[in-house]
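Structure first, then comments.
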Amino acid sequence: MAIGVSPLLATVPPLGGGAALADDAYSATVRRTSHGIPHILASNYGGIGFGYGYAFAQDNLCVIADQYVTVSAERSRYFGPDATWNFRANGTVNNNLNSDFFFQQINDSHVVEDLYAKPPPDGPVDGAREAIRGYVAGYNKYLADVGVANISDPHCQGADWVRPITELDAVRRFYQLALLASGAVAIDGIGSAQPPTPPVPFFDGLSQAQLLQLKERFDQMHEIGSNAYGLGRDATDNGHGMVLGNPHFPWEGSERLYQAQLTIPGVLDVEGSSLFGVPIVLIGHTISLAWSHTVSTAYRFTPYQLTIVPGSPTTYMYDGQPRAMTSRTMTVQAKQADGSLQPVSRTLWSTHYGPILTSVLNLPLFPWTPVTAFAMRDVNAANFRYINHFFAVNKAHTVGELYQIQADLHGIPWVNTIAADNAGDAYYGDVSNVPNVSNAKAQACNTPAGAAAFALLGLPILDGSKSSCEWDVDADSPQPGTFGTSHLPHLFRTDYVTNSNDSFWLTNPEEPLAGFARIIGDEETARSLRTRLGLIQVQQRLDGSDGRPGTRWSTADLQETVFGNRQYTGELARDDLATMCETLPGGMAPTSSGPPINVSAACPVLRAWDLHDNLDSNGAILFRRWFEHVRGTVPSPAPNPTIWSTPFSTADPVNTPRDLNTSNPLIKSALGDAVKDLTTAGIPLDAPLLGYQFKTKNGEDIPIHGGPGSDGVFNAINVGWSSPEAYNDVPHGSSFVMVAHFNGTVCPDVKTITTYSQSTDPTSPYFADQTRMFSNKEWVDEAYCEADIAADPNLTTQALVDSPRPQAFLPNSSWTASIVTWLGILLGLCLVVGRIVLRARRGKVAA
């Protein structure tokens, strides 16, 4: 049947309480349903942004205010130059002073203003601009209504760094997020890069240990990522599409996800979640299309290795000719121990490729020496098209529309897309912004260090001395130097597509995607344990071997599966490990340091463990700790292949490698180390997760189920060992989880849970409520259609009206004309005043 705007929208409350509004007033109605989920209703995009900004600031003002300090290059001013902050979404820890110079260079270059001023598609469409301006007005209205001194969150109550924001602050935050997987992986390395001063070691390439370390850091960044299923008509119980969105993002900081519904009757009706500070739904659904994202394996930048002119460390060779770097000297204010401010200046250097860098992901792998330097070319340094991408997807209704938006814009900066629609079509695509470096280009242009990095990681390090090594240009790409749609992986299916942060290759094993550039992702290689379990779960449901009735997916099936907490490594290794344990002479196992230890008490625990990471899974901690010692010796998430006796095979990529290689001494010593760890910490060997894996909220330790994605747990909860508490205070993992199932009628069946809850304010009723629900594997029945919103027993309604306040000048597409106009007026006034003064003086002379 046709899907359209619900007729129930005619019954919504009048905007702004029905009061007469000035032509320039923002207005919105904020209705909150259970758990504080805001449903923003307005008559235009400015109102939508206004309501969203107000509601979001109510819930999360301190966290996002901190990031407005960051992108304004003022962390040293308020928090001191020696302190650090975590960009949790990419795993970097950044010195405040280096961070300030990184962002000050961006701000002084006016790249954000220049991008924002461009006409669409490179700059935002008008509706998006209106929503952003409305967001700023809503944020500022809340701040004015409550006052900084009266902010309820003690983290920033009365803080001098909390202030009204401008449109420029908001778009700088968008730019920061665009760079998350590219320029922002080198904040310290760019912000601190300085010409060499003797003695400086020469660059001898990257050692195998350094390459493995770099691979591990990139793998960890991808491991932060997500799971997603797009299920088509041949896979669901009613023949309509279904989507699982299961992003694994930080539980702390500003890269959290915030759920909201945005509605303009007859124009827009979308619900889902967004990263903090973005008033557009990033993962969610409309009336007939649902989509989610997973972190892509494609690199969004390339280092260029420069040949430095002898005696001139800021000059490099290009096509046989010297080329001077450009410099920018910046000054930031730094807070001193006595509270005073002191200016600190630094000069940073750039090339035509981009800025000089010395480290990536906090690894100092790219030294600036008298003969070599490295510059970063960042594909997202000129990408604001992602704003238009999400703005358009928020109004899309089919996977065909979604694909066309991607093909037209290539705006997505660092994620895959997985989607399904009401007609039962499923879609996967990494049709996004990727540097156009073909395998042939990499082979011709890689430096020796680049050849090694490309072989292991897929990251080229290109020769910066040759114009022939510039990125290539595709005719079907909207941005020069990026791959066109024809060279990017995408797939339509009527059964399913899936991704769990591996490359595109096994999106669906029945139709592998191949023939794409290595910089986008690898092919015909072993998949991560989490990817394999994700595929197995789909296959077992469709062939009826998962223990549930039928052979199609229902909403309940998908809910149970995502929080089923199967431990795939355990399924592969537990029995072999228990047998090995039982046959150890005298029950003694070696340890990596110290004498052997008796592990005989661990054998029955392992044998009885239920192969899950549920709260009541006795022995789950013991097995996890064993595998942490196994994989701790090699890059995550792919364990050392020598621990498996059956190697990876392209003929059976989902089920290989497998079979524990108990002849590997590491298997035995890891067991000894695990038993030693638990014994030392006073944790029983048969302890379940309950009491040992939790999130602390206002002093309450909330038990958290799930386990590391690197162990093959689909419900990835990534938390490190900390003796004696074990796995305390979960830092990231399953975050906003959505199961959206279309049914051919007006209202889709949608279940959600925001694992860390909607608000970061510890005084809010929405600070821990959904975290407790997640602990109990409970879900929120999403209120999307008007009848469901009206029926919510906890519904509250707030009418908001505000006249826009003057904001800091931010150029738009007509900024030049505006300047000329005002200069003309000012010049005219000066001429008039000058003539009056001249006449007065002449009159005095005549007298």
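The values are calculated or read from the model by the stated rules, or taken from the named source; none is laboratory data. On a predicted model such as this, the values are computed, not experimentally measured, just so you know. Heads up, the Cβs are rebuilt from the backbone with ideal geometry, glycines too, and the neighbour counts pull from every protein chain shown. Keep in mind that these areas ignore ligands, DNA and RNA; they rest on the heavy atoms of the full protein, side chains included. Shrake-Rupley method; radii C 1.70, N 1.55, O 1.52, S 1.80 Å.
So the values come out like this:
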| item | result |
| --- | --- |
| On Cα atoms only, tilt of 665-681 relative to the major axis of the chain in degrees | 70 |
| Gain on full stretching of the segment that runs from Q213 to S340 - 0.36 nm per residue minus C-alpha separation | 41.7 nm |
| Region 100-112 - phi-based ³J(HN,Hα) in whole Hz, Karplus 6.51/-1.76/1.60, Gly and Pro as x | 4, 5, 4, 6, 5, 5, 5, 5, 5, 6, 6, 5, 5 |
| Summed residue charge, Cβ within 14 Å of D788's Cβ, Lys/Arg positive, Asp/Glu negative | -4 |
| Residues with amide H under 5 Å from that of F374, placed H, sequence gap 5 or more | L306, L357 |
| Whole-Hz couplings from phi, Karplus 6.51/-1.76/1.60, listed for region 391-398; x for Gly and Pro | 4, 6, 5, 4, 10, 7, 10, 9 |
| Net dipole in debye of region 204-315 [+1 Lys, Arg Cβ; -1 Asp, Glu Cβ; about Cα centre; nearest 20] | 240 |
| Relative contact order for the chain, counting Cα pairs under 8 Å that sit 6 or more residues apart, in percent | 17 |
| Of (1) 28.5; (2) 35.2; (3) 27.7, the label for Kirkwood radius over Cα pairs in Å derived from the coordinates | (1) |
| Surface per residue (accessible, 1.4 Å probe) for region 474-608, Å² | 37 |
| Karplus 3J(HN,Hα) series, Hz, for region 201-213 with 6.51 cos²θ - 1.76 cosθ + 1.60 (x for Gly, Pro) | x, 7, 7, 9, x, 9, 6, 4, 5, 5, 5, 5, 5 |
| Ranked packing of 555-564, 322-331, most packed first, by mean Cβ within 10 Å | 555-564, 322-331 |
| Gyration tensor verdict on region 761-801 (Cα atoms; rounded if a/c is under 1.5, prolate if a/b is larger than b/c, oblate otherwise) | oblate |
| Fraction of antiparallel bridges per DSSP, the chain only, in percent to nearest 5 | 90 |
| Whole-percent carbon and sulfur share, accessible surface of the chain, 1.4 Å | 55 |
| Calculated [θ] (222 nm, deg cm²/dmol) that DSSP helices of n ≥ 4 give over the chain, each run adding -39,500 (n - 2.57) | -9500 deg cm²/dmol |
| Cut-off 11 Å, label 7 Å out along Cα→Cβ of H155, residues of region 248-274 by amide N | 251-256 |
| Long-range HN-HN contacts of D153 with modeled amide H, under 5 Å | none |
| Degrees separating the helix 815-846 axis from the principal Cα axis of the chain, which is the longest one | 30 |
| Surface per residue (accessible, 1.4 Å probe) for region 123-251, Å² | 31 |
| 14 Å beta-carbon shell around D673, net charge (K/R +1, D/E -1) | +3 |
